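Participant: First, the structure itself, so that you have it in front of you.
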Amino acid sequence: MYIDSHAHFDLALEDNSITEDMLVTNARTHGVDRVVQIGIDAGSSRWSYHFAKRHAADGILFTAGIHPSSQADDAELRTLEDLTEAVMSGDSAEILFGIGECGLDYYRMRQPRESQARSFRFQIDLANRHGLPLIVHSRDAMDDTLGILRDYGATAGIMHCFPGDRSAARRVLDLGFYISFAGNVTYRSAAALHDSASYVPLDRLLIETDAPFLSPVPVRGKKNRPENVVHTYRFIAELRGEHLDRVIEAVRMNFMEIRNREAKKIQI
Ligand SMILES: [Zn+2]
């Protein structure tokens, strides 16, 4: 059924009216049988690991990463590296989906550019070493993001919450990346996103909530949850004039392909 390729359960749980088990169960009862819990710093990545371990039977995977808005000093980067190495050499390596979210955010600019870039390069290298896909966040920084990805040899991963028009999409696709759309694609005013969501080939498309942010229409304005990903699937299918089942199937295949391709790459 549906896959939500990017969610933050830890941030969604800051809303005390809901429990971890309720969030996971609601996703499954809405047909969302795979969700990737995304780490945003070393502490969140460690939480994500334990969360995914608790819910491995519920289809939860996780990533280890440091968001460009999170502080990334040497100790933080080393902790992330140690966690990744421990998980990859342990018996639950298969629940680690990728490295990130990492990248550049010049919109919020919570960290200096140079420190964002350093953390980004470190995580590209970490992903490459372990044959893991990279989950990239880029806001008001597409040129620099693509430049670093190219210079550091990142050839596969996901541009999450894709922010651009079709020409930006083309550049991301040319790098070999998948493009993941979040709930903001459903907003009426998002003309550039509508254009790119109809342009991206089905075999490079992913769909996410980025919960608890960016709730799609018709739940816009409320706290977002993984079960809401179904609205974004429906919107994208309609926008593209494709059957919903075809979009669901394509996203599933893409998701599997990302896992397999990266795993294969490391063996070569
Ligand atoms: Zn995110």
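Listed here are the residues, each with its yes/no results for (1) more than 16 Å from the ligand (Cβ to nearest atom); (2) among the small types (G, A, S); (3) assigned to a helix (DSSP H, G or I).
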| residue | (1), (2), (3) |
| --- | --- |
| D143 | yes, no, yes |
| I158 | no, no, no |
| R171 | yes, no, yes |
| S180 | no, yes, no |
| S196 | yes, yes, yes |
| P218 | yes, no, no |
| Y233 | yes, no, yes |
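Participant: Can I ask one more? Residue check, L61 against (1) surrounded by fewer than 23 Cβ atoms within 10 Å (Cβ to Cβ); (2) in a loop (DSSP other than H, G, I, E, B), all met but one. Which one?
Facilitator: Every condition holds for L61 apart from (2).
Participant: Hey, can you tell me all the residues within the range 142-163 that are at pLDDT below 95, small (G, A, S) and out of contact with any strand residue (DSSP E or B) (no Cβ under 8 Å at 6 or more places or on another chain)?
Facilitator: Selection gives G153 alone.
Participant: Looking at (1) within 19 Å of the chain's Cα centre (by Cα); (2) surrounded by fewer than 18 Cβ atoms within 10 Å (Cβ to Cβ); (3) part of a helix (DSSP H, G or I); (4) touching a residue at least 24 places away in the same chain (Cβ under 8 Å), find the lone condition where S115 falls short.
Facilitator: (1)
Participant: Examine the range 51-58 for a residue that is outside any strand (DSSP E or B), within 16 Å of the ligand (Cβ to nearest atom), touching a Leu at 6+ places or on another chain (Cβ under 9 Å) and under 23 Å from C161 (Cα atoms), and state whether such a residue exists.
Facilitator: Narrowing the range 51-58 to residues outside any strand (DSSP E or B): 51-58.
Pick out the ones that are also within 16 Å of the ligand (Cβ to nearest atom) and you get 51-52.
Still in the list and also touching a Leu at 6+ places or on another chain (Cβ under 9 Å): 52.
With under 23 Å from C161 (Cα atoms) added as a condition, the list becomes 52.
Taking every residue of the range 51-58 in turn, at least one turns out to be outside any strand (DSSP E or B), within 16 Å of the ligand (Cβ to nearest atom), touching a Leu at 6+ places or on another chain (Cβ under 9 Å) and under 23 Å from C161 (Cα atoms).
Participant: Here is a list: E76, E85. Which entry is surrounded by fewer than 15 Cβ atoms within 10 Å (Cβ to Cβ), over 19 Å from the mean Cα position of the chain (by Cα), more than 15 Å from the ligand (Cβ to nearest atom) and not aliphatic (A, V, I, L, M)? Steps first, please.
Facilitator: Working: E76 fails: surrounded by fewer than 15 Cβ atoms within 10 Å (Cβ to Cβ).
After applying the criteria, what remains is E85.
Participant: Just checking, does the range 149-160 include any residue being surrounded by 23 or more Cβ atoms within 10 Å (Cβ to Cβ) and among the small types (G, A, S)? Talk me through it step by step, then tell me what you get.
Facilitator: Of the residues in the range 149-160, the ones surrounded by 23 or more Cβ atoms within 10 Å (Cβ to Cβ) are 149, 154, 157-160.
After this cut, where a residue has to be among the small types (G, A, S) as well, the list is 154, 157.
Looking for residues that are surrounded by 23 or more Cβ atoms within 10 Å (Cβ to Cβ) and among the small types (G, A, S), one finds at least one in the range 149-160, hence yes.
Participant: Only one of R246, R252 is assigned to a helix (DSSP H, G or I) and over 30 Å from E20 (Cα atoms); which? Walk me through how you get there before you give the answer.
Facilitator: Values: R252 fails: over 30 Å from E20 (Cα atoms).
Going through R246, R252 in turn, just one is assigned to a helix (DSSP H, G or I) and over 30 Å from E20 (Cα atoms): R246.
Participant: Please state which of the following conditions A117 fails to meet, knowing it meets all the rest: (1) within 16 Å of the ligand (Cβ to nearest atom); (2) within 19 Å of I148 (Cβ to Cβ); (3) of a type outside the set (D, E, K, R).
Facilitator: (1)
Participant: Another question about this same structure. Taking the condition of being among the acidic types (D, E) and surrounded by 24 or more Cβ atoms within 10 Å (Cβ to Cβ), how many residues in the range 96-112 meet it?
Facilitator: The qualifying residues number 1.
Participant: Also, I was wondering about something else. Do you know which of the residues in the range 1-42 that are assigned to a loop (DSSP other than H, G, I, E, B) and within 16 Å of the ligand (Cβ to nearest atom) is farthest from the chain's Cα centre (by Cα)? Reasoning before the result, please.
Facilitator: From the range 1-42, those assigned to a loop (DSSP other than H, G, I, E, B) are 1, 8, 13-19, 30-31, 38-41; that's our starting set.
Subset that is within 16 Å of the ligand (Cβ to nearest atom): 8, 13-14, 38-41.
Numbers: H8: 10, L13: 18, E14: 20, I38: 7, G39: 10, I40: 11, D41: 14 Å.
This residue is E14.
Participant: Out of the residues in the range 120-141 meeting the condition of being in a helix (DSSP H, G or I) and either of a type in the set (A, V, I, L, M, F, W, C) or within 15 Å of the ligand (Cβ to nearest atom) (or both), tell me which one is surrounded by the most Cβ atoms within 10 Å (Cβ to Cβ).
Facilitator: First pass over the range 120-141, keeping only residues in a helix (DSSP H, G or I): 120-130.
Cutting the leftovers down to either of a type in the set (A, V, I, L, M, F, W, C) or within 15 Å of the ligand (Cβ to nearest atom) (or both) gives us 120, 122-124, 126-127.
On the way: F120: 28, F122: 21, Q123: 30, I124: 23, L126: 21, A127: 26.
Among those residues, the one meeting the criterion is Q123.
Participant: Could I ask something else about it? Does L206 satisfy the condition of being within 18 Å of the chain's Cα centre (by Cα) and not in a helix (DSSP H, G or I)? Spell out the reasoning first.
Facilitator: Working: within 18 Å of the chain's Cα centre (by Cα): yes; not in a helix (DSSP H, G or I): yes.
Yes: the conditions hold for L206.
The values are calculated or read from the model by the stated rules, or taken from the named source; none is laboratory data. All figures in this text were calculated on a predicted structure; none of them were measured in a lab. Positions of Cβ are generated from backbone atoms using ideal geometry, with glycine treated the same way; all protein chains shown enter the neighbour counts.
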